[in-house]
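The values are calculated or read from the model by the stated rules, or taken from the named source; none is laboratory data. Treat the numbers as computed from the prediction; the structure is a model and nothing was measured. Note that we place each Cβ from the backbone using ideal geometry, even for glycine, and neighbour counts take in every protein chain shown.
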Amino acid sequence: MPRSHHAATRTAPRHAGSTREALRAIFNRNFTVVSVINLLVMTAYYLMFVTSTTYARTTYNADLSTAGLTAGIMVIGCLAGRFATGNLLSLCGCRAILLTGLLLYSLSIAAFFWVPSLFLLFVQRLFMGVAVGVIGTATGTIVAYVVPHEHHGLGISLFSMSTAFALALGPFLGILISSYSTYTVLAQTCLGIGIACVAIFFGLRNLPEMRHRHRPFLALYSYIDPRVVRFSLVALITCLSYGCIQAFMTSFAAERDLTTAASLFFLLYALMALITRPLTGRLFDLRGENIIFYPALLLTALSLTLIAHADSSWMLLLAGLVLGAGFGNFQSAGQAVSLSLVSRSRFAQATTTFFIFFDLGIGLGPYIFGFLVPSLGYGGMYQTLAVVVLAALLAYYILHGRAVLRQKG
């Protein structure tokens, strides 16, 4: 695989200094601001995501598949937002794009209070998804610029902890608020989060120059980077499994009478990701990506096998912990690798490319593998996905891992 000079310097012998020095270099003002914004935005996103289907069914008497689109269309919007943002970041700079995304996010949530029909609810959710895609790509790109190059692995791991924490906090708040209050209060909470993020945005100071030469709007190269596509295919294959875990965990747990354990599954996933990401991020900076990816993919496959055969609460909870150690480190390391494949001027396109494939895998997984449930059951589906993740491991070796080995050799 062709790799840039940028990548070569990262895989050379490392002199990264102590962990304390690395943390001091990473936790600058701008890093903290965008991490807090990402945490709050993703918390509100997951809060609305997990309650959208129930709201559509109870308010508009929609059938299950139609109501499910209110959540699915947010993923579609997120993909569209990520795709468009790659080129706009280069043209306008991250500061302007992030502010635009935050304003769109707040306005799209405010529009909920004037939605009179299911169709307009779809439109509102679509624009909210677009805003999340814009914000996520902008914050991820800003982090790539403000974290020193030699600490990219640790810095991105720490930044992505905000998403891991939001994954646990958002659904918890969504279920809690919807259980004890109304959906209006839930939407007001999300709107308050959006307005708070706009205020926090103005804490950004002296961002590095990110504007680059004009790129044609109709050229695909303006939005994604071909050098990242091959590696991102590994993310797409791997994320098929995580999409199915997200989509079917509730139904799977109800079938096996593991509902209580399932309510803690993602909390333990997030907890393990929070614990291990600083360690794996530092290891990434010191030893390279292969030492992270092979164990991460093997642990993800192991977690799926545990889920497939889970007949007790402890087994399902163990699967959540293993998934946090495995897939929980895949995202952050994957983004760091994507940045290593391009020059500094292409950070926006690299971030966009990786997360388009990442989100696409999560979105496609339930649609593709859901067809296996009637014949194989949930257990058979999850065991099949374990094999798919092992195939992703082989794809990683072919598309990227062996090139890393050759460079070190």
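Annotation: of all residues in segment 115-144 being assigned to a loop (DSSP other than H, G, I, E, B) and without any contact (Cβ under 8 Å) to a residue 12 or more places away in the chain, the one that is surrounded by the fewest Cβ atoms within 10 Å (Cβ to Cβ) is PRO116. The sole residue among LEU317, LEU304, LEU405, LEU321 that is under 28 Å from ILE76 (Cα atoms) and among the aliphatic types (A, V, I, L, M) is LEU304. When you look at THR305, is it among the polar types (S, T, N, Q), touching a residue at least 40 places away in the same chain (Cβ under 8 Å) and in contact with a Lys or Arg (Cβ under 8 Å, 6 or more places away or on another chain), yes or no? Considered against the rule, which asks whether it is among the polar types (S, T, N, Q), touching a residue at least 40 places away in the same chain (Cβ under 8 Å) and in contact with a Lys or Arg (Cβ under 8 Å, 6 or more places away or on another chain), THR305 comes out as no. Taking SER263 as the residue in question, decide whether it is of a type in the set (Ser, Thr, Tyr), within 22 Å of the chain's Cα centre (by Cα), buried (at least 23 other Cβ atoms within 10 Å of the Cβ) and assigned to a helix (DSSP H, G or I). Considered against the rule, which asks whether it is of a type in the set (Ser, Thr, Tyr), within 22 Å of the chain's Cα centre (by Cα), buried (at least 23 other Cβ atoms within 10 Å of the Cβ) and assigned to a helix (DSSP H, G or I), SER263 comes out as no. Can you say whether VAL342 is of a type outside the set (S, T, N, Q), surrounded by fewer than 24 Cβ atoms within 10 Å (Cβ to Cβ) and either at pLDDT 95 or above or over 26 Å from LEU264 (Cα atoms) (or both), as far as the supplied structure shows? So VAL342 fits the description; yes. If you take the residues of segment 306-335 that are polar (S, T, N, Q) and either within 29 Å of ILE156 (Cα to Cα) or buried (at least 24 other Cβ atoms within 10 Å of the Cβ) (or both), which of them is modelled with the highest pLDDT? Ranking the candidates gives ASN329 first. Exactly one residue among ALA44, ALA7, ALA22 is modelled with pLDDT of 80 or more and part of a helix (DSSP H, G or I), and that residue is ALA44. In segment 375-390 there is no residue matching the filter, namely being under 26 Å from VAL75 (Cα atoms), outside the structural domain of VAL130 (by TED's automatic domain parsing) and within 15 Å of the chain's Cα centre (by Cα).
Out of everything in segment 92-105 that is touching a helix residue (DSSP H, G or I) at 6+ places or on another chain (Cβ under 9 Å) and surrounded by fewer than 21 Cβ atoms within 10 Å (Cβ to Cβ), what residue ends up being nearest to THR141 (Cα to Cα)? Per the criteria, the residue is ARG95.
What is the one condition in (1) modelled with pLDDT under 90; (2) in a helix (DSSP H, G or I); (3) of a type in the set (Val, Ile, Thr) that ILE195 does not satisfy? It is condition (1) that ILE195 fails.
If you go through segment 378-404 and keep only what is β-branched (Val, Ile, Thr), under 14 Å from VAL234 (Cα atoms) and surrounded by 18 or more Cβ atoms within 10 Å (Cβ to Cβ), you end up with VAL388, VAL389. Taking the criterion of being among the hydroxyl-bearing types (Ser, Thr, Tyr) and more than 25 Å from PHE354 (Cβ to Cβ), the residues of segment 236-282 that qualify are THR250, SER251, THR259, THR260, SER263.
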